[in-house]
Amino acid sequence: MDSKAFCCEGCRQVYLLLNENNLCTYYNFDKSPGIKAKGKFISERFAYLDDEITAKKLVQFSSETQTNVTFSLPQMHCSSCVFLLENLHRIEPGITKSQTNFQRKEVFIIFDPTQISLRKVVELLAFIGYEPAISLKDSTQKKVFSYNKKQIYQIGVAGFCFSNIMMLSFPEYFSSGNIEQAGLKATFTWLNLFLSLPVLFFSASSIFISAFKGLRQKFLNIDAPIALAIIVTFSRSYFEIISGHGAGYLDSGTGIVFFMLIGRWLQNKTYDSFSFDRDYKSYFPLGVSVIENGVEKNIPVTLLKKGNCIIIRNEEMIPADALLTKGNAHVDYSFVSGESSPLRKNKGELIYAGGKQTGSAIELEIINEVSQSYITQLWNNDIFKHQKNKEQSFIHPWSRYFTLALFSVAICAAIFWAFTDTSKLLPAVTAVLIVACPCSLLLSATFTYGNMLRIFGKNKLYLKNAGVIESLAKTTAIVFDKTGTITQNQSSIVSYNGTPLSNRELAAVQAVTRQSSHPLSKIITNNLGSLQNDQLLTVESFKEFTGEGIEAIVNGLPVKIGSAAFVNELYDAAGYDTGSHIHVLLNKVHMGAFTISNEYRPGIKEAITLLQQKKFELHLLSGDNDTEKITLTKLFGKNAVVQFNQTPQNKLDTIKKLQELHKNVLMLGDGLNDAGALMQSDTGIAVSDSTAQFSPACDAIIDGGKVGNIHQFLAYARSGKKIVAASFILSILYNFAGLSFAVQGTLSPIVAAILMPASSISIVLLVTLLSSVSAKRIGLN
Amino acid sequence: MSALFVLIGISIIVAGSFLAAFLWSVNHGQYDDDYTPSIRMLFDDETKPAATDLTSSIKP
């Protein structure tokens, strides 16, 4: 390969493609041996895209000469991917333009439907190694934009108005309230009035709406006192300006709105490439091949009926519970259970939905509709019909006490001035309400959580929103799934025993395993990594024997890789008695075997010990049988509850029972079979080995390598509340300073204008500093 | 002193045009993707046909 290293198959392919024949077409490519078989498989798999109704649901825009479509490509991972995907028009002239969004892992394609069909575009993408993730969900739900543009506009407008009002108020501050020229003073104040209108009616509208919604549900949220403060500030200022008495507090008022909007935006910043609300529809295919009266046709999976006969090809998912009627099934349930080795099923056996067939095509007879299948019926459970009933954040009750205290101060001031000097009554009361707005409380919470979300993300725990930090902090019981959660899927331990292989021989082995989509082949391919080989490898007469092994001739060297029965040669069987073995035969000589065994994730043992010391209640729920009971009981200790043979419903029920005992449950799981439990738990964290991997609906996604740091994450979430409390105390001090002016009825605009930004900025700095220091102390970076 | 009125007017107009530019750029999707363009600019010139005028024609 001209001594160039490639990160993935796609990049290698495009290099070959662009380098060798510069502008060759996709169809030329089809002539190359070895890939032909794959191409054929693909052409059957996407047949459902020829169905016009299905296709219509996917495209965003179509006319006679132009079709726009966006695909999600989970495999996109490097800058070369962007290069390849943005050069699609060089491979296929029917594509006018392709533009990638790297962070969202999406590609936007414009093509000419008279030259190339949607199906061909998808096939081309799949062929170069970026199979679009097209699922049932894409057709049932329109995509929502990743960020709220209105919020950005509101911040922009508030920032503009705030800074200009600030500037126009400077003369007022420096002349201590007496600008000599009356014309200038009027100009400044009236300009301020006009500049503040967009802030009041546009930027602050979300605060009013939220406060109003809360009040209508008889819930006093933190937005209610803030909305009150904004209304009082603006109406008193307008009164002063219109009556010509003074300059008002518009600078402070608009500043409050601006800072609060920024805080909210920071807190709501989410992760573009993650989706936290997937259900089975995100995993399931759109269409399926059905045989009716001997004719094969494509129908949407939602129309599947009991008794339908379907064909499932290599790498396709079984959409509903079915009986195997023809062929050899090797079903990979890694989506469902996290178990990576495929299960062998015989004719007449029941195959549950959610598995992927690996190997040759099979025929099945449907016995349950899609929504009634073993795995999907979990979503008929009530828990999925409602939004998760999250407890309201602690800042709301805090803000209620704050409001109560504030009103008592205002009433005291009112009673005092009523008896001494009635002219100062109204100024004092309004000043109290203006200066002691609970926005500093809101600011401390939003900025603390915003920064914590960022730090969690840096450590590869991606939270859905800030509310998850609070629920994480309350955790008292932790439930683990086994396969894929505490054990590793992808980087299994691979060891080689036997005659040492030369680099060239290893490269030959890798060339063969790379052709196969079997999980074990993939493990070996990845494990061998990028090998230094000085020659171009040509793989000829590649054959895959499903469930047994693979063979091919690499540069004239016959390579045979597979199970002991498959290689069928005499060798010393000693030392090959545990785990999965993949034997290697080169030139009909047994060289040795790769041993693949599951491995616990790094740090998980230490983490469990630490969690036990901190008196968390630990549970392990495994869908597998109890062969590993002894090791796992040892790992989790005597007090933990270790259960095996758990169905998805069992897992959900266990969590429900824990919650009835008033435990706050944190669930760690992966795969669809944990989806119910993740949903039921107070905090559901999905474990994912790569961001490309699908994960079920959850509150947070954790990188597989970081499961061992779970105790640190819990400790950090707990520190969050303390940080908010500390900054709240600081803001109370500012409030005392402001109130002491306010109750005397002598709150000048300049004092308000200094106190407000000073308190906001110092609180923002304090919480950012505290949350970063706390992260470092706990050991997060 | 009347110069001050003119200057205030100009300053508001200048600041307002920056606000307008900001709102326009948000509306036209310039903040939709803040990462990929940094990769795209590293590609060689021969890919120009695909890389030019991307942001302006993204609207479906």
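Specify, per residue and in Å³, the volume enclosed by the convex hull of the alpha carbon atoms belonging to the stretch A:591-645.
Working: hull volume 5.5 nm³, N = 55.
Dividing the Cα hull volume of the stretch A:591-645 by its residues yields 100 Å³.
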- Message: Based on the alpha-carbon set only, what is the convex hull volume of the stretch A:345-476 divided per residue, in Å³?
- Response: 203 Å³
- Query: In debye, nearest 20: dipole of the stretch A:605-721 around its Cα centre with unit charges on the Cβ of K, R (+) and D, E (-)?
  - Reply: 560 debye
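Given a cut-off of 32 Å, name the pairs among A:Lys326/A:Lys560; A:Lys97/A:Lys458; A:Lys305/A:Lys629; A:Lys150/A:Lys656 whose C-alpha atoms lie farther apart than that in the structure shown.
Numbers: A:Lys326/A:Lys560 27 Å; A:Lys97/A:Lys458 34 Å; A:Lys305/A:Lys629 41 Å; A:Lys150/A:Lys656 39 Å.
With Cα atoms farther than 32 Å apart: A:Lys97/A:Lys458; A:Lys305/A:Lys629; A:Lys150/A:Lys656.
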- Item | Residue-averaged beta-carbon neighbours from other chains (10 angstrom radius) around A:189-197 | 1
- Project the alpha carbons of the stretch A:163-226 onto their principal axes and report the range along each, largest first, in whole Å. 51, 20, 17
- What nm distance separates the two modelled labels at B:Trp24 and A:Lys297, each placed 7 Å from Cα along Cα→Cβ? 5.4 nm
- In whole Å, what are the Cα extents of the stretch A:285-375 along the three principal axes, biggest one first? 35, 25, 21
- Query: What is the log10 of I(q)/I(0) for the stretch A:148-269, computed with the Debye formula using one identical point scatterer on each Cα and no solvent, at q = 0.18, 0.21, 0.22 Å⁻¹?
  - Reply: -0.91, -1.12, -1.19
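Considering just Cα atoms, how many Å³ per residue does the convex hull of the stretch A:578-672 enclose?
Numbers: hull volume 13.3 nm³, N = 95.
Dividing the Cα hull volume of the stretch A:578-672 by its residues yields 140 Å³.
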- Note on the structure: If the chain between A:Lys218 and A:Lys150 were fully extended at 0.36 nm per residue, the gain over the current Cα-Cα distance would be 21.7 nm
- Item | For the stretch A:627-781: Kirkwood Rh in Å [reciprocal of mean 1/r, alpha carbons] | 19.5 Å
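Counting only other chains, what is the mean number of Cβ atoms within 10 angstrom of the Cβ of each residue in peptide A:94-102?
Values: counts 0, 1, 2, 7, 1, 9, 5, 5, 8.
Counting other chains' Cβ atoms within 10 Å and averaging over A:94-102 gives 4.
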- Task: Give A:Lys482/A:Lys721; A:Lys218/A:Lys722; A:Lys56/A:Lys120; A:Lys218/A:Lys651; A:Lys356/A:Lys482; A:Lys56/A:Lys269 a once-over and call out the pairs whose C-alpha atoms are over 26 Å from each other.
- Result: A:Lys482/A:Lys721; A:Lys218/A:Lys722; A:Lys218/A:Lys651; A:Lys56/A:Lys269
- FRET efficiency for A:Glu349 and A:Ser772 from the Cβ-Cβ distance with R0 = 56 Å, rounded to 0.05, comes out at 0.50
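Taken together, the values in this text are just the output of simple stated rules run on the coordinates, not laboratory data. Computed from a predicted structure; not experimentally measured. Note: ideal-geometry Cβ built from the backbone for every residue, glycine included; neighbour counts use all protein chains shown.
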